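Asker: Take this structure first; my questions come after.
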Amino acid sequence: MLHYPGSVRRGGSGPVKNMKKKLKLTKVKVSRQREIAPGVFVLSFPRIWDFTAGQVIGIGGHETDEARLYSIASGELDDEVDILYNINPEGKLTPWLALLNTADTLWVSEPFGAFASEPGNGWWIASGTGIAPFSSMLRTGLGAGKKVLHGGRNMQSFYFRDQFEAGIGENYIRCSSREDGPGVFHGRITKYLMEQPSLPVDEKYYLCGSAEMVVDVRDILIDKGVPFENIISEIYF
Ligand SMILES: Cc1cc2nc3c(=O)[nH]c(=O)nc-3n(C[C@H](O)[C@H](O)[C@H](O)COP(=O)(O)OP(=O)(O)OC[C@H]3O[C@@H](n4cnc5c(N)ncnc54)[C@H](O)[C@@H]3O)c2cc1C
């Protein structure tokens, strides 16, 4: 049985809050679904509530399902909610989710979570689908002054690339671990950060993605003098 923790591990705030309560789900209809890279989809449905960029929702195939959590990738004022996800072939939800078409039904919770970005200078650091909350923040108008690091395996891993190139410009950096390409840093995010002679210590660093990435990046930032309280993370697991 799955239990959902609170979505946020904020720097220095201690263990994840345990949310054993099952999420209440409401029926929505899929507006559209697009495969944007092999096995990676953006699913959209009409927005039926307000939310703060960075928040997550629960999604299930039926009202009584134990929902999986997904970051909202669309902006706070967009008419539709976008969810970015990749298929986990052994998973319960995502293989089913990928089969949905326009007008099919799925069940979603209200948004929750406190992973949120301040305006102004700061770093958004993501691996894989962990770019989703930063897409939401960018589309909500929080991109000015941000440096965005996105780590992926190959050139197809940089989801929402056009949007980040247009909104962040040269401060949008793609780190590709397995494939070299034009304009891309060859190596993991951790390598990129380790190679920086210095990093601003008075800016906030927002991390989102796998536990491995978040922990490794956090350690590098701390080694480079960034105070623990300036590191704010959301772990996908
Ligand atoms: C805060 C948060 C935000 C997230 N946001 C996103 C997002 O924006 N996009 C995204 O793609 N993902 C996100 N995730 C991950 C997402 O919630 C799911 O975990 C993921 O999509 C897999 O779901 P699934 O139902 O397909 O797989 P699951 O059924 O949950 O399976 C996941 C893995 O666990 C194994 N497993 C499942 N059940 C068992 C069992 N009973 N015994 C042993 N092993 C088992 C499976 O083999 C599989 O490898 C987020 C997670 C968190 C915590």
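Taken together, the values in this text are just the output of simple stated rules run on the coordinates, not laboratory data. These figures come from a predicted structure and were not determined experimentally. Positions of Cβ are generated from backbone atoms using ideal geometry, with glycine treated the same way; all protein chains shown enter the neighbour counts.
Asker: With a point put 7 Å past each Cα toward its Cβ, work out how far Gln156 is from Glu195 in nm, to one decimal.
Answerer: The answer from the label model is 2.5 nm.
Asker: From the square roots a ≥ b ≥ c of the eigenvalues of the alpha-carbon gyration tensor of region 14-108, which class results: rounded (a/c under 1.5), prolate (a/b over b/c), or oblate? Please report the intermediate quantities before stating the final value.
Answerer: Values: a/c = 1.38, a/b = 1.16, b/c = 1.19.
Rounded is the answer for region 14-108, as its axis ratio a/c remains below 1.5.
Asker: Using the Karplus curve 6.51 cos²θ - 1.76 cosθ + 1.60 with θ = phi - 60°, what ³J(HN,Hα) values do you get for each residue of region 188-196, in whole Hz, with x for Gly and Pro?
Answerer: Values, residue by residue: 6, 4, 4, 5, 4, 5, 5, 7, 6 Hz.
Asker: Okay, helix-only estimate at 222 nm for the chain: each DSSP H run of n ≥ 4 adds -39500 (n - 2.57), divide by all residues, round to 500 deg cm²/dmol; what do you get? Intermediate values should be presented prior to the final figure.
Answerer: Working: 5 runs with 40 residues, N = 237.
Value at 222 nm, helices only: -4500 deg cm²/dmol.
Asker: Over the Cα atoms of the chain, how large are the radius of gyration and the largest Cα-Cα distance (Dmax), in Å?
Answerer: 17.2, 52
Asker: Once you have the alpha carbon radius of gyration of region 30-165, what is it after dividing by 2.2 N^0.38 Å, with N set to its residue count?
Answerer: Values: Rg = 14.5 Å, N = 136, 2.2 N^0.38 = 14.2 Å.
Scaled against compact globular proteins, the figure is 1.02.
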